[in-house]
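The values are calculated or read from the model by the stated rules, or taken from the named source; none is laboratory data. As the structure is a computational prediction, the values presented were derived from the model and not from experiment. Neighbour counts run over all protein chains shown; Cβ positions are idealised from the backbone, glycine included. Calculation scope for accessible area: heavy atoms of the full protein, side chains included, ligands and nucleic acids excluded. Shrake-Rupley method; radii C 1.70, N 1.55, O 1.52, S 1.80 Å.
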Amino acid sequence: SLAEMVNEHGSILSGNNPITVNVTDPLALTMVQIVVIIVFTRIVHFGLKRLRQPRVISEVIGGIILGPSVLGHIPGYMNIMFAKESLTYLNLLAHLGLVLFLFIVGLELNPKTLKKNLKSVIFISTSGIILPFVMGVGVAYGLYDAMDNHVVVDDSGVSHNVPFMSFVLFICIAVSITAVPVLARILAELKLMKTPVGNCALNSAVCDDITAWVLIALVIAKINATNYLTALYSFLLCAFWTLIVIFIIRPILLKFVVDTDSNCSSPSTLMVAIILLAVLISSFITNIIGVHYIFGGFIIGLILPHKGGFAVGITEKIEDLINILFIPIYFTLSGLKTDISNLDATGWGWAIVVVIVTMFGKIIGCTVAAKATGLTFRESLTVGVFMNSKGLIELIILNIGYDAKIINSKVFSIMIIMVPVATFFTTPLASYLYSIQDQKKTEFKHDNKDLKSKLLVVLNKVENFPAMITFLQLLQHNTLLASDDQSDLSTTKDIIPMKIHVLRLIELTHRMSALMKFNEISETILHDPIMKMFSVLSQICSMEVDTKLAVADPKNFCKEISEKVRDNDINLVIIPWDGAGEMVDMLIDNEDNVLCEKRHTNPQIANFIQNVFNDATNYASVGVFVDRGIGSINEIHTLSNPTDYLNVFVPFFGGADDREALTFAFRLLEYPNVNITVIRI
């Protein structure tokens, strides 16, 4: 009957509580838990992002607050919201997301970037692992006894003896590796990715991660095996499967990439399906041979091509669901296992020791190695600070150890505290040690004897492209004529030749694909539609153009422009502004009853324009270009038709701004079909 159907599906009308554990209908409670997790971690991130902390820190802290450490002290909270029986479904989602996330992590790592300065990178990475690893042995020895980790009792009350060697390996690996995704985000936000320091730190972290995964595979094989011989077989089988992936599966996937035309455009639906199937199959195989399933997803990501923007395209297809839904769940589950309120004075003392040893070992080891490779002391110390970044990889190792009953809840809580604390200091310390002034000291100093007038054009939207090309043609025409000795009719022979700089702005979001675009900037330039069109047309029109691409947070767009102006001695900046939002015609009731046009401008765009005028005008003149159809096909034909003219109107009130505008307008006179009208007011 209808009443039975309503009752069966847990309707509140029939008196059922939707947030109680219901084995026959677990989805209702799971959806509530996911909503709480996402909303709460976003709120925490809203506060911490002002301190320039990566989202991983917010999610770890949010998970701890949602768990027994803080909100768990509310009577009945844990039994209602996160009952142990309900965590099975969250665990399933979290671990599925973890497989996909580690696939993206592998996809983000580009081993080809290690070819440059390979010896230095390996030396820094190795030194940054060995010193904290050795110091971690002493910490593990103390924790093993102080936290009574000889025997771990699981949820069902069964005791598990913990081999000291397995415990040591987990602790040492956790304190000695670097989180590449977290470091990449910090470097991008500090705009240090392409500096010698940023490049050195990121490549060393990549080498760090690869080494860590080999160690993790070895440790997991040891844990899952009954003896050392079985562990060796598991590790060798994992190595054999890796070779199969590299030499057999990779060529097959590359052929599919070409056949589906995914290397020239966005990856097709078929290609995405094939890649995801390969990830799941590889994860299944690494799991059944005794190594964790996340390793299978990681190696599939590692072997996919980056050329043609394929890696970025695949990441863009799946990253939002993973980063918004799955990963916060995983971090929250880590927080639910963490109960820092149970730590006594001894436990907090060991937490401080772990943080100090982790930071000291990593920073000192990498600093000494970086100094030996030729970097200055300040640069070397900054590399060491960056290499101290912790994140998801450390949490994965700790969760694996906790689930395998290698570390108990107290040790787990102590190690979880280490992750956000160590990472928290990375951004402020690096900003202090390696300021913008220090960066400038290592950059190339431009020759101020260049007599060419330099124009910077900012391009951030495809819609602005036709108008700017037409506009630059007008300016370039006088440059060509000025260099022609036979141009007796030229009215502006004394005009200094102009060099055009183009700055393409791309938003740096919290997506990993945005970081990949930043890190693989040469590939991004090759496949960015605006950069491609401008490069071709600049050759056709014989323009002298220097094109640059910047991936930055929108709030830092103004800084990117100002730095470009300072570094290249720009004389004039042109910002295209076609308005934003809806454009409507409004009849204004006044004496003349005129028809006026109103543009509703996005406040973010208005603030951007205002900030450029406030900052960049300290170094160069700034003009806003409002397109009124000059880039349309009809206007282009008009300019090429000798019977028609482009009419330029200059109202002259006086002052520095108007004199600059008038000088600029005179440049356009070299174009044969330009009329200029100046009204002195």
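Taking the criterion of being in contact with a Leu (Cβ under 9 Å, 6 or more places away or on another chain) and either open to solvent by 10 Å² or more (accessible area, probe 1.4 Å) or among the polar types (S, T, N, Q) (or both), the residues of segment 144-169 that qualify are ASN149, LEU169.
Here is the figure for segment 570-588: residues that are open to solvent by 20 Å² or more (accessible area, probe 1.4 Å) and at pLDDT below 85 total 11. Every condition in (1) touching a residue at least 24 places away in the same chain (Cβ under 8 Å); (2) open to solvent by 10 Å² or more (accessible area, probe 1.4 Å); (3) within 30 Å of ASP148 (Cβ to Cβ) holds for TRP348 except the one numbered (1). The set of residues from segment 603-613 being touching a residue at least 40 places away in the same chain (Cβ under 8 Å) and either touching a strand residue (DSSP E or B) at 6+ places or on another chain (Cβ under 7 Å) or open to solvent by 60 Å² or more (accessible area, probe 1.4 Å) (or both) comprises GLN604, ASN611, VAL612. Just one of PHE386, PHE360 is surrounded by fewer than 16 Cβ atoms within 10 Å (Cβ to Cβ), assigned by the TED database to the domain that holds VAL197 and touching a residue at least 12 places away in the same chain (Cβ under 8 Å); which is it? On inspection, the qualifying residue turns out to be PHE360. Just one of (1) out of contact with any strand residue (DSSP E or B) (no Cβ under 8 Å at 6 or more places or on another chain); (2) open to solvent by less than 20 Å² (accessible area, probe 1.4 Å); (3) modelled with pLDDT of 85 or more fails for ILE406. It is (1).
Among the numbered conditions (1) open to solvent by less than 70 Å² (accessible area, probe 1.4 Å); (2) modelled with pLDDT of 60 or more; (3) in a loop (DSSP other than H, G, I, E, B), the only one that LEU662 does not meet is (3). Within segment 90-117, can you find the residues that are modelled with pLDDT under 90 and farther than 17 Å from LEU302 by Cβ? Matches in segment 90-117: LYS116, ASN117. Quick check, is ILE64 β-branched (Val, Ile, Thr) and either in contact with a strand residue (DSSP E or B) (Cβ under 9 Å, 6 or more places away or on another chain) or within 30 Å of GLY297 (Cβ to Cβ) (or both)? Judged against the criteria, ILE64 is a match.
Flag not set for ILE324, criterion: open to solvent by 20 Å² or more (accessible area, probe 1.4 Å), closer than 20 Å to LEU254 by Cβ, part of a helix (DSSP H, G or I) and β-branched (Val, Ile, Thr). Scanning segment 242-289 for residues that are among the hydroxyl-bearing types (Ser, Thr, Tyr) and out of contact with any helix residue (DSSP H, G or I) (no Cβ under 6 Å at 6 or more places or on another chain) yields SER265, SER268, THR269. Restricting attention to segment 194-238, the residues that are crowded, with 22+ Cβ neighbours inside 10 Å, under 15 Å from ALA430 (Cβ atoms) and not β-branched (Val, Ile, Thr) total 6. Look at LYS119 and say whether it is surrounded by fewer than 18 Cβ atoms within 10 Å (Cβ to Cβ), in the same structural domain as ASN17 (by the TED database) and under 30 Å from VAL272 (Cα atoms). Considered against the rule, which asks whether it is surrounded by fewer than 18 Cβ atoms within 10 Å (Cβ to Cβ), in the same structural domain as ASN17 (by the TED database) and under 30 Å from VAL272 (Cα atoms), LYS119 comes out as no.
When each of SER268, SER262 is tested for being of a type in the set (S, T, N, Q) and surrounded by 20 or more Cβ atoms within 10 Å (Cβ to Cβ), the lone residue that passes is SER262. Apart from one condition, ASN203 fits all of (1) more than 30 Å from VAL383 (Cβ to Cβ); (2) within 31 Å of the chain's Cα centre (by Cα); the exception is (1). Take the conditions (1) open to solvent by 20 Å² or more (accessible area, probe 1.4 Å); (2) closer than 30 Å to ARG185 by Cα; LEU102 misses just one of them, which is (1).
Taking the criterion of being of a type outside the set (Lys, Arg) and farther than 30 Å from LEU276 by Cα, would at least one residue in segment 95-115 satisfy it? No, segment 95-115 has no match at all. Between LEU96, LEU51, LEU66, the distinction of being aliphatic (A, V, I, L, M), assigned by the TED database to the domain that holds ALA369 and closer than 30 Å to LYS191 by Cβ belongs to LEU51 only. Restricting attention to segment 636-659 and to residues that are touching a strand residue (DSSP E or B) at 6+ places or on another chain (Cβ under 8 Å) and closer than 21 Å to PHE465 by Cβ, the residue that is modelled with the highest pLDDT turns out to be LEU646.
Hey, does segment 170-180 have a residue that's on the phi < 0 side of the Ramachandran plot, in the same structural domain as ILE327 (by the TED database) and surrounded by fewer than 21 Cβ atoms within 10 Å (Cβ to Cβ)? Can you show your working first?
Taking segment 170-180 and keeping what is on the phi < 0 side of the Ramachandran plot, we get 170-180.
Within this subset, residues satisfying the condition of being in the same structural domain as ILE327 (by the TED database) are 170-180.
Cutting the leftovers down to surrounded by fewer than 21 Cβ atoms within 10 Å (Cβ to Cβ) gives us none.
No, that holds for no residue.
Just so you know, in segment 275-291 the residues that are in a helix (DSSP H, G or I) and open to solvent by less than 30 Å² (accessible area, probe 1.4 Å) include one that is farthest from GLU319 (Cα to Cα), and it is THR286.
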